[in-house]
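The values are calculated or read from the model by the stated rules, or taken from the named source; none is laboratory data. All values reported here derive from a predicted model rather than from experimental measurement. Cβ atoms come from the backbone with ideal geometry, glycine included; neighbour counts cover every protein chain shown.
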Amino acid sequence: MRTLITITLAAIAASALLVSCGPSKPAGIKIGISKIVSHPALDAVEKGVQDEFAAEKVVATFDLQNANGDLSTASTIANKFKSDKVNLAIGIATPTAQALVQAITDAPVIYSAVTDPVAAKLVASTTAGGPNVTGLSDLTPVKEQIKFLLQLKPSVKRVGHVYTASEANAGVLADLAKQACQELGLEFVPATVSNSAEVRTAAQSIADKVDAFYVSNDNTVVSALPALVEVATSKKLPVISADPSSAKTIPVLAAWGFDYYKMGRATGKLAIEVLNGAKTASIPTRYLTDPKDVNVLINLDVAKTLGLTISDDVKALASTLIGGPVSPSPIATKN
């Protein structure tokens, strides 16, 4: 009888084990999220990831880390995630994603808000992932953004661009901006920085040589965007940014870029797929392709300060208008 009971209990345990190994959603997992710096766009990605897990009822513990723009800190965070044996790590922006890929080989790594994952050496091709790596790109339409600047201020002939020389995605975007300016018959005037504390000085160094500033998805520069905008405003120069999230609170003339909260939700969705067994090697780099994923913002109050008149046709292109007589509220957003 004791033998029969033992066998029965063993069978029940084995059955329970088989059920637990079935295609159910992962539970009790540990997720490490590392972002290079805190600013509205990257914070929105971070929140979007967590909200996607909550929406899908996937139980997870999040270790949220901020490298504060320091590459050595990004490496320390990556090694922490490795020693903590996280089930999956997410790198928001290129430097933190690079640090995670270099440190972690025994768990999946998802990159997000990375402009060029191939140039950053995260994957060999955007058509496939690596053995434990895949993710989302935020490659932005640089030429279209600069063309939009010309719609706002047609007299622009010289475009200033402050970027981080040591950040792979910033270098790629600077090259695209230079190429776009050449194609549009504009002079490209660059200034480089190595950290956010240098942004103000870099902007000042070219402010008298340009008619406007273009700000890309350069996290170091975006984190110090108020300093750049202050310099530009003192010279009556318009600023167009690729980050609509920060533009809601920082007075740039316009912004054209992705909804980074939606990018965070897409990142969370991809992470859940991988945790449920999808192979990173078979997942190509993903992009936000729905027009609804792109926001165009115009600040009419800034336009007035700069002495610019924005036509109704140009206003109609915006998904968000700040200030002006269009709405009794400070921000009017199209549904």
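Annotations for the structure displayed:
- Taking the conditions (1) surrounded by fewer than 21 Cβ atoms within 10 Å (Cβ to Cβ); (2) assigned to a helix (DSSP H, G or I) in turn, residue 188 satisfies each one other than (2).
- Residue check for residue 212: buried (at least 21 other Cβ atoms within 10 Å of the Cβ) and outside the structural domain of residue 126 (by TED's automatic domain parsing): yes
The rows are residues; the columns are (1) in contact (Cβ under 8 Å) with a residue 60 or more places away in the chain; (2) surrounded by 24 or more Cβ atoms within 10 Å (Cβ to Cβ).
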{"site": "48", "(1), (2)": "yes, no"}
{"site": "51", "(1), (2)": "yes, no"}
{"site": "59", "(1), (2)": "no, no"}
{"site": "69", "(1), (2)": "yes, no"}
{"site": "74", "(1), (2)": "no, yes"}
{"site": "104", "(1), (2)": "no, no"}
{"site": "110", "(1), (2)": "yes, yes"}
{"site": "120", "(1), (2)": "no, no"}
{"site": "128", "(1), (2)": "yes, no"}
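A quick yes/no check of all residues on (1) of a type outside the set (Phe, Trp, Tyr); (2) more than 17 Å from residue 192 (Cβ to Cβ); (3) not in a loop (DSSP other than H, G, I, E, B):
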site	(1), (2), (3)
151	yes, yes, yes
160	yes, no, yes
163	no, no, yes
169	yes, no, yes
172	yes, no, yes
175	yes, no, yes
178	yes, no, yes
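- The range 77-94, subset within 12 Å of the chain's Cα centre (by Cα) and not in a strand (DSSP E or B), residue surrounded by the most Cβ atoms within 10 Å (Cβ to Cβ): 93
- Contact annotation: residue pairs with Cβ atoms under 7 Å, 6 or more positions apart or on different chains, pairing a residue in the range 228-250 that is within 20 Å of residue 195 (Cβ to Cβ) and without any contact (Cβ under 8 Å) to a residue 40 or more places away in the chain with a partner that is assigned to a helix (DSSP H, G or I) and of a type in the set (D, E, K, R), are 231/200.
- Residue satisfying all of: in the range 282-301; farther than 30 Å from residue 313 by Cβ and in contact with a strand residue (DSSP E or B) (Cβ under 6 Å, 6 or more places away or on another chain); surrounded by the most Cβ atoms within 10 Å (Cβ to Cβ) among these: 285
- All positions within the range 247-275 that are hydroxyl-bearing (Ser, Thr, Tyr) and either buried (at least 24 other Cβ atoms within 10 Å of the Cβ) or closer than 30 Å to residue 59 by Cα (or both): 260, 261, 267
- Residues in the range 45-76 that are within 19 Å of the chain's Cα centre (by Cα), modelled with pLDDT of 95 or more and of a type outside the set (S, T, N, Q): 13 in all.
Table: residues versus (1) charged (D, E, K, R); (2) out of contact with any helix residue (DSSP H, G or I) (no Cβ under 6 Å at 6 or more places or on another chain).
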site: 199; (1), (2): no, no
site: 211; (1), (2): yes, yes
site: 218; (1), (2): yes, no
site: 227; (1), (2): no, no
site: 231; (1), (2): no, no
site: 234; (1), (2): no, yes
site: 245; (1), (2): no, no
site: 251; (1), (2): no, no
site: 255; (1), (2): no, no
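- Strands (runs of 3 or more DSSP E) lying entirely in the range 212-295 (those with 1 or more residues that are touching a Phe, Trp or Tyr at 6+ places or on another chain (Cβ under 8 Å)): 239-241, 254-258
- For the range 144-177, filtered to residues that are closer than 25 Å to residue 71 by Cα and of a type in the set (Asp, Glu), the residue that is farthest from the chain's Cα centre (by Cα) is 175.
- Tallying residues that are in the same structural domain as residue 31 (by TED's automatic domain parsing) and at pLDDT 95 or above within the range 264-301 yields 23.
- Of all residues making up the range 49-93, the number that are of a type in the set (Gly, Ala, Ser) and under 23 Å from residue 169 (Cβ atoms): 9
- Failed item, numbered, when residue 182 is tested on (1) free of Cβ contacts under 8 Å to residues at least 24 places away in the same chain; (2) closer than 20 Å to residue 37 by Cα: (2)
- Every residue from the range 226-246 that is of a type outside the set (A, V, I, L, M) and surrounded by 20 or more Cβ atoms within 10 Å (Cβ to Cβ): 238, 241, 243, 244, 245, 246
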